[in-house]
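Visitor: I have a structure I would like to understand better, so I am pasting it below and will then ask my questions one at a time.
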Amino acid sequence: MTSLVSDPIGEQAPQVLPGSSSRLADHTTPLVRNEWYVAAMSDELDRTLRERWLLGAGVLLYRTTDGTAVALQNRCPHRSFPLSRGVLEGDNVVCGYHGLTFGPDGACVLIPSQDTIPKGVRARRFPVVERPPLVWIWMGDPDQADPTRIPDSSWLSDPDYGAVCGYLHVKSSYVRLHENVLDHTHFPFLHGVEVSDVDWSQAPFEVTQEGNSACITRVLKDHPVDPVFGRAIRNSGHRVTRTSTAWFKTPAVHWATETIEDLEGGVDERTEFHFQILHMFTPETATTTHYFWAVARDVAIQDALLEAGRRVTVATFEQDAEALELIEENWRREDGIREVSLTSDRVGLLMRQIIAQRALDEAAPA
Amino acid sequence: MTSLVSDPIGEQAPQVLPGSSSRLADHTTPLVRNEWYVAAMSDELDRTLRERWLLGAGVLLYRTTDGTAVALQNRCPHRSFPLSRGVLEGDNVVCGYHGLTFGPDGACVLIPSQDTIPKGVRARRFPVVERPPLVWIWMGDPDQADPTRIPDSSWLSDPDYGAVCGYLHVKSSYVRLHENVLDHTHFPFLHGVEVSDVDWSQAPFEVTQEGNSACITRVLKDHPVDPVFGRAIRNSGHRVTRTSTAWFKTPAVHWATETIEDLEGGVDERTEFHFQILHMFTPETATTTHYFWAVARDVAIQDALLEAGRRVTVATFEQDAEALELIEENWRREDGIREVSLTSDRVGLLMRQIIAQRALDEAAPA
Amino acid sequence: MTSLVSDPIGEQAPQVLPGSSSRLADHTTPLVRNEWYVAAMSDELDRTLRERWLLGAGVLLYRTTDGTAVALQNRCPHRSFPLSRGVLEGDNVVCGYHGLTFGPDGACVLIPSQDTIPKGVRARRFPVVERPPLVWIWMGDPDQADPTRIPDSSWLSDPDYGAVCGYLHVKSSYVRLHENVLDHTHFPFLHGVEVSDVDWSQAPFEVTQEGNSACITRVLKDHPVDPVFGRAIRNSGHRVTRTSTAWFKTPAVHWATETIEDLEGGVDERTEFHFQILHMFTPETATTTHYFWAVARDVAIQDALLEAGRRVTVATFEQDAEALELIEENWRREDGIREVSLTSDRVGLLMRQIIAQRALDEAAPA
């Protein structure tokens, strides 16, 4: 693990050049395909044929009779009719245009108008792994689809935690969404001092890199608890030490944690409280993103309290989405934009280097 | 006449390459211009100035005082104001911007602000031939506008037949619309077994080519009459032989026939019944089409029965339109699509070769 | 001053070639940036942060506490969040994303997350000069922003005149808007003979050029007053001499005058009446324009009469806007358009040469 101390980058701040291909990823960078992305929440899938556009491709999602989640290209290989407009017959999909029928592995099993099935007639199958409440998909080279690479989310069903989930469609590049959640310093300004005091954006931080992941850890010691946390923990007004990590795990997943250590006796004989947030960004196109999220905490996990927390979370993430859509729109309308970066952007720039490099590697001939 | 026996093309199926320019026409192929297309139904035109976009050009349509249909470019040659927003003065069109006045031959006859009319000031006139209920237009080289090339539709006014007409605007390439009507095998799946039993999509067929036309003839012998035909003929349940032809006449016109030979005594001492369908596809742009149609039959021609038939036809053609729009949308959203073709596609591929070759010929220097 | 006598240009009429870069400006010509454009009417600006897109750039407009109008780029230089979504703190703008704070000169005065402010962090400031009721902006090279180049509009507050102002958003290139107001001959056809008799479009005219300005002067002698003017002056039916000038001052400003000399005794012992119209065209993009206008006259200046006049003016300018939008739309939809020009277009072609040359000069390396 490499540790980068925080340092002001000032005038040497790297600038984001539009269309820069290799250095820093942006909305023009080819999407990273060899990765597990969230295709859907488990409860979205059933025996209905559903269409979702993922990484620029139409994908058909459904469950077989035994409940297995299936993902096929949502175009009949014959004349590109969306298979989602056909019907399920057992585990097979019958195209609504000419009746071509495909098994859950994508193989064509019936062409009503002829006896032989030419070998080339098959729907592309995308590897799928379900880890409830998440359904993961691999849109890249199937030979590299190793399920052990799926980020761990088992804590989502940890009985000590209460979790809530949600989804937003965002008209912004997934790169910007990643940069936003790696960036603690926007919290007091975009979300308000209810969520993080301004002091927090000035607190010392450390950036670490581990392979193709990058993490920022920020600690604010001995400070009044921020109102949002105080209300959940019921320790409003207490002084606490807040430790926040924001971790770019993969181009598909960002994992954030908040640890609140109560310095004034705590609540119900506990002094440490944990919040975990999984941000799952699945590009729909280069400039639009499926944003799945899950938030879990080991305090105030009664249903009514979780529901109150969910509403705060939704409001907060909608602020992020709106901000990033405004930014994407500015980039769309104006030519020749150059941006400057600040000290706190170091981890975001690291993430953008990693994504850019992975995109470059994928484009390289094998 | 060349006869191609039907044969499975299986693994050797030609694939449609995106942007393929010369082999198989698709939505990227330049439109064939040297052809008679339907500009309007006769009853659409009167003394009103109407605009319709045909083959990527704005066209002004109206009738002179003696009822002659006229088609001019719908842009004043001076500053491109749409002439349809001007007024008719007798047979002449007065531009609503500067009062330039054009005769039905496109010649400028008045420029209010000056005495002389420079020779270059003229609106392009498009050759028009009316064969009620159809108004044909020639958007290509006017020297080649030979009216004898207009496909025969005189049977539309044959007193033994009852006919109904209609129009759909379809957000799909005319090439796909042609391919769809040459393809019998989608009938049971897209339109339902009311229209054609699945057996029919497996019936033997023959493909023939005559110059730049292509035809498929399909015969299903000794089979229960399909419900739609049985209801019109009132021979439901009878065994019949159904002979279907689907004929790509020109890039503008597809002519289909259905002949039902009743093998169980017939109705009212008749045993043979005929249905004719004229599909007239006029590109609005490369990916949108004006779809005019006319259906005639020599049975059940009373007004109420024709109206019932018309409603079935509209519902059927709307299914086609919706399917082709979904397909066009898939092509628009997804890059690098490749399709595979089946045995039954032979006539469609032949049509696409013909259109591609004609487009290529038009692009060649004279 | 060069004087060009009017002469028919007939078959030698220059043709507008699509995409012609150097000869005649059109909607494809790069926008002229080194010029004062109207950014807003004075009464639009206050202590609210407002966004307006000018010459393809998002601009933030507001007033400081002392009322000075300010224009900054409406993108935070850090991550392109629109500053108009932030808040004013005194004279400074606080970005709503990370709290970066900018003075009215664009300098960054605060970055909450760090102590030092790197030199590159600044919002571009655009020179602004207010000449009520107009606020002028300079979007080009700031070193050339000489306020003496702002066209005079002091007559707008001449007490002998009554003035009304207005605004239209027009989906058309500013080049077309300029050409339209230089062209008297469309008045009787687009606006009706209430505004100008057809004789007027045939009246003799003179075209003059002065540096990068061009003017057409048209005189119709001893002719019944046009109804619109007769109603304002209350000399309906009198014979008058009408002198009209239409002056392309800069790519931002067209100044028109109408002088009506009453030949039958006049009204209230006056025989000469003046109308002045300022058309101010500020490109939003290459094909959309902010159209500010002001009309003043030295007759019928009571409020109720001015209001009646304003309504006529609005209706007239909306006719212009609709016509130019239809034309822009034709150019957008149809390829390969060529236009022919008439004798009366000479001044418009001169204007298009001037704009094209200025765009070319700006593109040239210094």
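Visitor: Give me the inter-chain shielding for B:323-329: mean count of other chain Cβ atoms within 10 Å, whole number please.
Guide: 4
Visitor: Right, here's the next one. Compute the relative contact order of chain A as a whole-number percentage, counting only Cα pairs closer than 8 Å that sit 6 or more residues apart in sequence.
Guide: 23 percent.
Visitor: Also, I was wondering about something else. Within 10 Å of each Cβ in peptide A:71-79, how many partner chain Cβ atoms are there on average? Round it to a whole number, please.
Guide: Partner Cβ neighbours, averaged per residue: 5.
Visitor: Report, to the nearest whole %, how much of the accessible area of the protein assembly as shown belongs to carbon and sulfur atoms, 1.4 Å probe, protein only.
Guide: Ligands and nucleic acids excluded, carbon and sulfur give 50 percent.
Visitor: By average Cβ neighbour count within 10 Å, what is the ranking of A:344-353, B:261-270 from highest down?
Guide: In decreasing order of mean packing, A:344-353, B:261-270 become A:344-353, B:261-270.
Visitor: Let me confirm one metric for peptide B:88-96, namely the mean number of other chain beta-carbon atoms within 10 Å of its residues' beta-carbons.
Guide: The shielding value for this peptide is 1.
Visitor: A further question on this structure: Taking B:Glu261 in one copy and the same position in all the others, each labelled 7 Å out along Cα→Cβ, what are the pairwise distances from the first, in nm, shortest first?
Guide: Going from nearest to farthest copy, the values are 9.4, 9.4 nm.
Visitor: Okay, next question. Suppose each label sits 7 Å from its Cα in the direction of the beta carbon; what would the C:Glu272-C:Glu307 distance come out to in nanometres?
Guide: Result for the modelled spin labels: 3.3 nm.
Visitor: In addition: Answer with one residue from B:Ile337, B:Leu49, C:Val164: the one whose Cα lies farthest towards the positive end of the charge dipole of the protein assembly as shown, charges on Cβ with Lys, Arg +1 and Asp, Glu -1.
Guide: Of B:Ile337, B:Leu49, C:Val164, it is B:Ile337.
Visitor: What number comes out for the charge environment of A:Ala107, summing +1 per Lys or Arg and -1 per Asp or Glu over other residues with Cβ under 12 Å away?
Guide: Net local charge, A:Ala107 excluded: +2.
Visitor: Another question about this same structure. Based on alpha-carbon positions alone, could you give the equivalent ellipsoid semi-axes of segment B:166-300 from the gyration tensor, as √(5λ), descending, whole Å?
Guide: After diagonalising the Cα gyration tensor, the semi-axes are 28, 15, 14 Å.
Visitor: Next question. Write down Rg/Rh for the protein assembly as shown, rounded to two decimals, with Rg from the C-alpha atoms and Rh from the Kirkwood relation over Cα pairs.
Guide: A ratio of 1.03.
Visitor: In addition: Would you calculate a helix-derived [θ] at 222 nm for the protein assembly as shown, using -39,500 (n - 2.57) for each DSSP H run of n ≥ 4 and dividing by the full residue count, to the nearest 500?
Guide: So the calculated ellipticity at 222 nm is -6000 deg cm²/dmol.
Visitor: Whole-Hz ³J(HN,Hα) for each residue in segment C:84-98, computed from phi via Karplus 6.51 cos²θ - 1.76 cosθ + 1.60 with θ = phi - 60°, x for glycine and proline: what do you get?
Guide: 5, 8, x, 9, 8, 10, x, 8, 9, 10, 9, 5, x, 9, 10
Visitor: Shortest first and in nm to one decimal, what separations exist between B:Glu307 and its copies in the other chains, measuring from label points 7 Å along the Cα-to-beta-carbon line?
Guide: Output for B:Glu307: 5.5, 5.5 nm, nearest copy listed first.
Visitor: According to the Kirkwood expression over distinct Cα-Cα pairs, how big is the hydrodynamic radius of segment A:37-88, in Å?
Guide: Result for segment A:37-88 stands at 11.3 Å.
Visitor: Taking a ≥ b ≥ c as the square roots of the eigenvalues of the Cα gyration tensor of segment A:138-184, is the shape rounded (a/c under 1.5), prolate (a/b larger than b/c) or oblate?
Guide: Here segment A:138-184 falls in the oblate category.
Visitor: Sort shortest first the distances from A:Gly336 to its counterpart in every other copy, using label points 7 Å along the Cα-to-beta-carbon line, and give them in nm.
Guide: 3.4, 3.4
Visitor: Next question, about the same structure. Rounded to whole Å, give me the distance from the Cα center of segment B:39-94 to that of segment C:90-110.
Guide: That distance is 57 Å.
Visitor: What accessible area per residue comes out for segment B:214-256, rounded to a whole number of Å², with a 1.4 Å probe?
Guide: 35
Visitor: Additional query: I'd like to compare A:63-73, A:43-53: which one has the highest average count of other Cβ atoms within 10 Å, and what's the full order after that?
Guide: A:63-73, A:43-53
Visitor: Still on this structure, please answer the following. Quick one: P(r) of segment A:246-366 from all Cα-Cα pairs, 5 Å bins, percents rounded to integers, in order of increasing distance.
Guide: In whole percents, the pair-distance histogram is 2, 8, 12, 17, 19, 15, 10, 8, 5, 3, 1, 0.
Visitor: Take the rotation relating chain C to chain B, measure from its axis to every Cβ in chain C, and name the nearest residue with the distance in whole Å.
Guide: With distances in whole Å, chain C gives C:Arg332, 11.
Visitor: In addition: Report, as a whole number in µm² per second, the diffusion coefficient that Stokes-Einstein gives for chain B at 25 °C and 0.890 mPa s using the Kirkwood radius over alpha carbon pairs.
Guide: The Stokes-Einstein estimate is 110 µm²/s.
Visitor: Something else now. Measure nothing but the geometry: give the 0 to 90° angle between the long axis through the Cα atoms of C:346-363 and the longest principal axis through the Cα atoms of chain C, rounded to 10°.
Guide: For helix C:346-363, the angle is close to 20 degrees.
Visitor: Which entries of A:Lys171/A:Lys221; C:Lys171/C:Lys249; A:Lys171/C:Lys171; A:Lys221/C:Lys119; B:Lys171/C:Lys171; B:Lys119/C:Lys171 show an alpha-carbon separation above 27 angstrom in the structure shown?
Guide: Among A:Lys171/A:Lys221; C:Lys171/C:Lys249; A:Lys171/C:Lys171; A:Lys221/C:Lys119; B:Lys171/C:Lys171; B:Lys119/C:Lys171, the Cα-Cα distance tops 27 Å for A:Lys171/A:Lys221; A:Lys221/C:Lys119; B:Lys119/C:Lys171.
Visitor: Round to the nearest 10 and report in Å² the accessible area of A:Lys221, as given by a 1.4 Å probe over the protein chains' heavy atoms.
Guide: Rounded to the nearest 10, the figure is 150 Å².
Visitor: Which ³J(HN,Hα) values, rounded to whole Hz and listed in residue order, are derived for segment C:184-200 from phi using the Karplus coefficients 6.51, -1.76 and 1.60 in 6.51 cos²θ - 1.76 cosθ + 1.60 with θ = phi - 60°, glycine and proline given as x?
Guide: 6, 6, 7, 3, x, 8, 7, 9, x, 6, 4, 8, 8, 5, 4, 3, 5
Visitor: Okay, next question. In sequence order, what are the phi-derived ³J(HN,Hα) couplings for segment B:234-247 according to the Karplus relation 6.51 cos²θ - 1.76 cosθ + 1.60 with θ = phi - 60°, rounded to whole Hz, with x for glycine and proline?
Guide: 6, 10, 3, x, 5, 7, 9, 10, 10, 10, 10, 10, 9, 10
Visitor: A follow-up question, please. If amide hydrogens are placed 1.01 Å from N in the peptide plane, which non-local residues have theirs closer than 5 Å to the one on B:Leu110?
Guide: B:Thr101
Visitor: Roughly how much accessible area, to the nearest 100 Å², goes out of reach of solvent when C and A pair up, both sides summed, probe 1.4 Å?
Guide: What C and A bury together is about 2600 Å².
The values are calculated or read from the model by the stated rules, or taken from the named source; none is laboratory data. Since the model is a prediction, treat every value here as computed from it, not as a measurement. Ideal geometry is used to build each Cβ from the backbone, glycine not excepted, and the neighbour counts take in all protein chains shown. Surface areas here come from the heavy atoms of the whole protein model, side chains and all, with no ligands, DNA or RNA. Shrake-Rupley method; radii C 1.70, N 1.55, O 1.52, S 1.80 Å.
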